[in-house]
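Scroll down for the structure; my scribbles are underneath it.
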Amino acid sequence: MLLLAGGRVVTPGGVLSPGWIRLAGPVIDAVGPGDAPEPPAVDLRGQWVLPGFVDLHVHGGGGASFTEGTADDARKAAAFHCARGSTTVLASLVTAPLAELEARAALLADLADAGVVAGLHLEGPFLSPARRGAQDRRHMIAPDMAAFERLQAAARGHLRIITLAPELPGATRLIEAARRAGVTVAVGHTDATAEVTLAAIDAGATHATHLFNGMRPLHHREPGAVGALLDRAEVTCEVIADGVHLHDIAIRLAARAAGPGRLVLVSDAMAAAGVPDGRYLLGSMRVIVAGGVARLLEDPADPGLTGRAGSSGRVGTVPQAGAIAGSTATLADVVRHAIAAGLPVLDVAAAASTTPARVLGLADRTGALRSGLAADLVVCDDDFRPSAVMRQGEWLAVP
């Protein structure tokens with residue numbers, strides 16, 4: 001048994017200040033308020049203790065990626081995020097040729113078998129070119145059952161989420177098939193109206209990929225996908241609260257509309273998270289990072305969009321017209337920004353851990369500090385910067 005005590009422990013029922021946590025190997029044995037029942041092995045006075053973060057939407061980090069490279073590169077990306085508090089990570093792919101997606105799905109399925117990642121999120125190829133963001137429109141296709149079955153087979157049961165645009169032909173049939181297969185269907189990169197989005201939800205879509213971003217803007221006479229997704233109680237809604245993708249007012253509005261049981265904080269991190277500005281890849285798309293903001297260097301579907309960088313890879317002249325291409329934030333950064341934007345700590349912990357664990361079907365294993373769940377936790381200072389991370393009862397080296 002290992003006893004941790006003295007910190008402000010964030011539990012589903014409230015903040016225990018002070019509180020204590022007793023661990024039995026990789027599992028939480030008990031959590032309680034007040035002074036510890038015996039002298040603790042670890043004194044956490046002055047610290048916050050949050051459940052380990054569960055990131056549903058992450059493409060890479062630490063200079064490595066899930067979207068390209070080797071299995072070791074993918075392991076490096078997962079380890080980068082884990083050491084910064086994301087003790088559960090869903091590896092996200094972007095639009096690519098079908099054969100390439102199959103190969104990546106098979107590689108990531110191996111890592112899911114090994115417990116490195118919690119599974120796979122396909123953000124493409126069934127997306128709208130009109131709302132492509134940083135995705136490669138050359139490889140976007142309409143929802144196709146044969147293609148879905150190939151990708152599902154390659155993932156070997158580890159496909160957890162698939163993002164699609166519900167206005168595309170064949171979308172309803174694919175939504176229904178994915179639901180039967182136990183795959184969560186997310187609405188994203190879509191130009192759908194509210195009416196079309198509501199029909200997709202009726203068919204089985206239950207999640208929103210980075211709400212507001214890659215969607216028709218909210219309008220008071222045509223609320224579009226944003227309005228429809230927020231309006232339906234069965235839909236969980238991702239937001240990228242990194243200070244770049246969304247204004248803080250939009251973050252607060254989404255949080256109030258969705259509530260802590262439906263809001264999901266994600267990083268949408270790409271390879272440049274945690275490393276210097278420069279040139280990177282997001283799938284087939286070349287990205288330039290300047291001031292920590294990732295944007296497309298060029299879009300093969302838009303030859304007029306180009307950028308230049310010095311031979312060292314450092315930023316030279318960068319066009320501001322380039323679409324935002326993922327983030328360079330970790331989920332810990334997003335948590336810190338969400339709290340600074342005015343969201344209550346308890347609600348942020350739910351949105352970064354408890355709710356995404358439920359989306360993945362892992363609520364009986366992780367996502368909260370309570371007895372019987374995995375000993376996944378993040379110790380933070382008063383500014384909510386991680387000072388220690390534990391995964392399944394093991395302390396990790398925090399940079």
Flag for L107 being out of contact with any Lys or Arg (no Cβ under 8 Å at 6 or more places or on another chain), surrounded by 16 or more Cβ atoms within 10 Å (Cβ to Cβ) and in contact (Cβ under 8 Å) with a residue 60 or more places away in the chain: no
Members of the range 59-99 that are charged (D, E, K, R) and either surrounded by fewer than 17 Cβ atoms within 10 Å (Cβ to Cβ) or under 26 Å from C380 (Cα atoms) (or both): D72, R75, K76, R84
The listed residue being out of contact with any Asp or Glu (no Cβ under 8 Å at 6 or more places or on another chain), farther than 30 Å from L253 by Cβ, modelled with pLDDT of 90 or more and not polar (S, T, N, Q), out of D347, D364, D383: D364
Residue pairs meeting the criteria (Cβ under 6 Å; at least 6 apart or on separate chains; first surrounded by fewer than 13 Cβ atoms within 10 Å (Cβ to Cβ), in the range 21-45; second at pLDDT 95 or above): G25/G393; R45/G6
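Considering each residue of the range 281-291, count those that are free of Cβ contacts under 8 Å to residues at least 40 places away in the same chain and either closer than 23 Å to L101 by Cβ or surrounded by fewer than 24 Cβ atoms within 10 Å (Cβ to Cβ) (or both), and give that number. Steps first, please.
Pass one, the range 281-291, residues free of Cβ contacts under 8 Å to residues at least 40 places away in the same chain: 286, 288-291.
Now drop any that are not either closer than 23 Å to L101 by Cβ or surrounded by fewer than 24 Cβ atoms within 10 Å (Cβ to Cβ) (or both), which leaves 286, 290-291.
Selection size over the range 281-291: 3.
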In the range 344-367, the residues that are buried (at least 24 other Cβ atoms within 10 Å of the Cβ) and hydrophobic (A, V, I, L, M, F, W, C): V348, A349, A350, A351, A352, A357
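For the range 62-104, how many residues meet the condition of being assigned to a helix (DSSP H, G or I) and in contact (Cβ under 8 Å) with a residue 40 or more places away in the chain? Spell out how you get there, then give the answer.
Of the range 62-104, the ones assigned to a helix (DSSP H, G or I) are 71-82, 98-104.
Filter once more, so that each one left must be in contact (Cβ under 8 Å) with a residue 40 or more places away in the chain: 71, 74-75, 77, 80-82, 98, 101-103.
The total comes to 11.
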Residues that are open to solvent by less than 10 Å² (accessible area, probe 1.4 Å) and either out of contact with any strand residue (DSSP E or B) (no Cβ under 7 Å at 6 or more places or on another chain) or closer than 11 Å to L151 by Cβ (or both), drawn from the range 112-124: L120, L122, G124
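Can you pull out the residues in the range 240-276 that are among the β-branched types (V, I, T) and either surrounded by 18 or more Cβ atoms within 10 Å (Cβ to Cβ) or part of a loop (DSSP other than H, G, I, E, B) (or both)? Spell out how you get there, then give the answer.
The initial filter retains those residues of the range 240-276 that are among the β-branched types (V, I, T), namely 240, 244, 249, 251, 264, 266, 275.
I240, V244, I251, V264, V266, V275 - these are the residues of the range 240-276 that are among the β-branched types (V, I, T) and either surrounded by 18 or more Cβ atoms within 10 Å (Cβ to Cβ) or part of a loop (DSSP other than H, G, I, E, B) (or both).
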Enumeration of residues in the range 130-154 that are within 20 Å of the chain's Cα centre (by Cα) and not in a loop (DSSP other than H, G, I, E, B): R131
Evaluation of G157 against (1) out of contact with any Gly (no Cβ under 8 Å at 6 or more places or on another chain); (2) among the small types (G, A, S); (3) not in a loop (DSSP other than H, G, I, E, B) (one fails), failing number: (3)
Those residues of the range 183-193 which are more than 23 Å from A134 (Cβ to Cβ) and either charged (D, E, K, R) or more than 19 Å from the chain's Cα centre (by Cα) (or both), in sequence order: T193
Selected residue [of a type in the set (D, E, K, R) and assigned to a loop (DSSP other than H, G, I, E, B)] from R179, R173, R221: R221
Among residues of the range 162-182, those that are crowded, with 24+ Cβ neighbours inside 10 Å and either among the charged types (D, E, K, R) or within 18 Å of the chain's Cα centre (by Cα) (or both), counted: 3
Filtered residue count, the range 342-361, keeping only those that are outside any helix (DSSP H, G or I) and closer than 21 Å to A208 by Cα: 3
Residue within the range 312-333 that is modelled with pLDDT of 95 or more, open to solvent by less than 30 Å² (accessible area, probe 1.4 Å) and assigned to a helix (DSSP H, G or I) present: yes
Residue among L229, L246, L198 that alone is under 16 Å from the mean Cα position of the chain (by Cα), within 24 Å of R132 (Cβ to Cβ) and at pLDDT 95 or above: L246
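Taking the range 184-208 as the region of interest, how many residues are assigned to a strand (DSSP E or B) and either of a type in the set (G, A, S) or over 25 Å from L90 (Cβ atoms) (or both)? Reasoning before the result, please.
Looking only at the range 184-208, we keep the residues that are assigned to a strand (DSSP E or B), and these are 184-187, 190, 207-208.
Then keep just the ones that are either of a type in the set (G, A, S) or over 25 Å from L90 (Cβ atoms) (or both); that gives 186, 208.
Number of matching residues: 2.
The values are calculated or read from the model by the stated rules, or taken from the named source; none is laboratory data. From a predicted model like this one, the values you see are computed outputs, not experimental measurements. As a convention, Cβ positions derive from the backbone with ideal geometry for all residues, glycine included, and neighbour counts pool all protein chains shown. The area values use the complete protein model at the heavy-atom level, side chains included, leaving out ligands, DNA and RNA. Shrake-Rupley method; radii C 1.70, N 1.55, O 1.52, S 1.80 Å.
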